[in-house]
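J.: Next up is a structure, given as structure tokens.
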Protein chains: 2
Amino acid sequence: MIQHLISFLDSYSPLSREEKEYLEAHIPIQSFSKNEFLLKQDEISNRFFFIINGCARMFYTVDGMEKTAFFYMEKDFVSAYERFTKQVPSKHSIQTIEKSTVAIISVETAQNLLQRFPKFEYLARVMMENELIIYQNIISSFITQNAEQRYLHLLKHRPDIIQRIPQYHLATYVGVSPETLSRIRKRILMA
Amino acid sequence: MIQHLISFLDSYSPLSREEKEYLEAHIPIQSFSKNEFLLKQDEISNRFFFIINGCARMFYTVDGMEKTAFFYMEKDFVSAYERFTKQVPSKHSIQTIEKSTVAIISVETAQNLLQRFPKFEYLARVMMENELIIYQNIISSFITQNAEQRYLHLLKHRPDIIQRIPQYHLATYVGVSPETLSRIRKRILMA
DNA sequence: AGCATTTATTGACGATCGTCAATGATATTT
DNA sequence: AAATATCATTGACGATCGTCAATAAATGCT
């Protein structure tokens, strides 16, 4: 299963045999059933993840309600927020949505990779740039779009998410209650 | 004036004489009066900025209304969105709020710095990490806080912004119309 | 200082959303 | 297949916000 991660990284910058072997030796794969937590709010995380198959969501708990901020699918890195700075209790949770298999990268392993293989400095930067762009687009969408527009955007550009994710998670993701997402969907069908 | 940028970078990682001289030689400083544009929507940007003094805002124009997303003050880098990928027309504008003096870094100069001096690879990564954390916090605040909470957060943590920025920009920044920010302020005073 | 322009406040009103509750549909379990 | 739990839809209602318009306050200009 680690091959999925290796070939993903390999597609950005071909890896040497040594690098591949290091990854195989130091990155464990773990299976999670549906609704398991990869990270719970207030925990201090010392690892991050790469989704090999299945999917997960990141969410905040606000006044007892769960508001999901991201979905992670196959080939996505599940970033540990603030992983670049000091270790602090997490403000969010990460939970599988389906049965999933996940590569687990500890902070220690990540640091070793960076020190040992210069190529991983490059890879880390590319991954970070990708993440930056994703964040920029999310911020932009919060500012320039309403819930209906965000849902339409998902319909058009991420039909996989619409398919796989329960509607009440999509609702909080686009920023409304499940009831009004239902009404938005009705409005869309009417038009 | 370039000294402001040099000593800012120097505080992260001391710069050699050669590096300093390269910055002096290749990074122009420019003065802008109030309300001048550093970047206009739909323009293709080939440079980014560092605020030496004054301040600026980044905003989206949505249905003819300007919604400001960020404020940049002294010692802030004004990032060109998507600067890491291909050059595309900008979806936002950047405009000074006060008379400001600004260091202008062209993409070409940035690339030369990265190639010539390894230290700038490190600096670029640190700046990018800082930016990531800022974005993460902004996304988190959009999801977990309402306009009043965001305004209170500014009051507590960024009194400088409250002081310097016109209230109608603060309003769109926290996500409401100027009228309702006025009412939020009234509510706060009552309590 | 006085005038003009810009910005902030206040009021009224309509539209939209969240909440609560009930019903209907779909999955899951036994 | 029936029973149960989970999820989606619909209706009613109150609260909040955006808009428009008017006024007040603050700022900039000569």
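We did not get these values from a lab; they are worked out from the coordinates using the rules stated. Just so we're clear, the structure is a prediction, and the values are computed from it rather than from any experiment. Here the Cβ positions follow ideal geometry from the backbone for every residue, glycine too, while neighbour counts run over all protein chains shown.
J.: Per the Kirkwood definition applied to all pairs of different Cα atoms, how many angstroms is the hydrodynamic radius of region A:145-191?
T.: Evaluated on region A:145-191, it is 10.5 Å.
J.: Across peptide B:123-136, how many C-beta atoms of other chains are within 10 Å of each residue C-beta, on average?
T.: Averaged over the peptide's residues, the number is 4.
J.: Tell me the chymotrypsin sites (Phe, Trp or Tyr not before Pro) within region A:106-191 that lie in a loop according to DSSP and have at most 14 other beta-carbon atoms within 10 Å.
T.: Working: sites: A:120, A:122, A:135, A:142, A:151, A:168, A:173; in loops: none.
Within region A:106-191, no chymotrypsin sites (Phe, Trp or Tyr not before Pro) qualify (loop, at most 14 other Cβ atoms within 10 Å).
J.: OK, next. When you look at the Cβ of every residue in B:142-150, what mean number of other chain Cβ atoms sits within 10 Å?
T.: Details: counts 8, 12, 8, 1, 1, 0, 0, 0, 0.
Neighbouring Cβ atoms belonging to other protein chains average 3 per residue here.
J.: Something else about it: Hey, rough spin-label estimate for residue B:133 and residue A:137, points 7 angstrom out along Cα→Cβ, what's it come to in nanometres?
T.: The two pseudo-label positions are separated by 2.6 nm.
J.: Relative contact order of region B:1-94: what whole-number percent is it, with Cα pairs under 8 angstrom and at least 6 residues apart? Mind showing how you got there, number by number?
T.: Numbers: 120 pairs, mean separation 30.4, N = 94.
Relative contact order, region B:1-94: 32 percent.
J.: Also, quick follow-up: Step through the table entries B:67/B:186; B:40/B:119; A:75/B:91; A:99/A:119; A:156/B:40, compare each Cα-Cα distance with 30 Å, and write down the pairs that go over it. Kindly include the intermediate steps, with their values, before the conclusion.
T.: Details: B:67/B:186 22 Å; B:40/B:119 32 Å; A:75/B:91 28 Å; A:99/A:119 32 Å; A:156/B:40 28 Å.
As for pairs spanning more than 30 Å Cα to Cα, those are B:40/B:119; A:99/A:119.
J.: May I pose another question? Going 7 Å from Cα along the Cα-Cβ axis for the label, what nanometre distances separate residue B:112 from the same residue across the other copies?
T.: Ordered by distance, the counterparts are at 4.2 nm.
J.: Given the Cα-Cα distance of residue B:149 and residue B:126 and 0.36 nm per residue of separation, how much length would full extension add, in nm? List each step's numbers first, then the result.
T.: Values: separation 23, 0.36 × 23 = 8.28 nm, distance 2.94 nm.
Full-extension gain reported as 5.3 nm.
J.: Here is a further query. Work out which helices of chain B, taken as complete DSSP H runs, extend at least 24 Å along their axis over the Cα atoms and score a mean Kyte-Doolittle of -0.5 or more, then list them.
T.: B:118-144
J.: Once the label point is placed 7 Å from Cα along Cβ, list for residue B:126 the distances to the corresponding points in the other copies, in nm, shortest first.
T.: Distances to the matching label points in the other copies: 2.6 nm.
J.: Based on the alpha-carbon set only, what is the convex hull volume of the protein assembly as shown divided per residue, in Å³?
T.: Details: hull volume 62.0 nm³, N = 382.
Each residue corresponds to 162 Å³ of Cα convex hull volume.
J.: Something else: Could you tell me the calculated FRET efficiency between residue B:104 and residue A:91, based on Cβ-Cβ distance and R0 = 35 angstrom, to the nearest 0.05?
T.: Values: r = 36 Å, r/R0 = 1.04.
Efficiency, from the Cβ-Cβ distance: 0.45.
J.: Suppose you put the label 7 Å out from Cα in the Cβ direction; list, shortest first and in nm with one decimal, how far residue B:25 is from each other copy's label.
T.: The answer, with the shortest distance listed first, is 4.5 nm.
J.: Sorted from fewest to most neighbouring beta carbons within 10 Å, what does the list B:127, B:58, A:65 look like?
T.: Going from sparsest to densest Cβ surroundings: A:65, B:127, B:58.
J.: With a Cα-only, solvent-free Debye model of chain B, what are the log10 I(q)/I(0) values at q = 0.16 Å⁻¹?
T.: With no solvent term, the Cα-only Debye profile gives -1.09.
J.: Then there is this: According to a simple spin-label model (label point 7 Å from Cα along Cα-to-Cβ), what is the distance in nm between residue B:16 and residue A:66?
T.: 5.4
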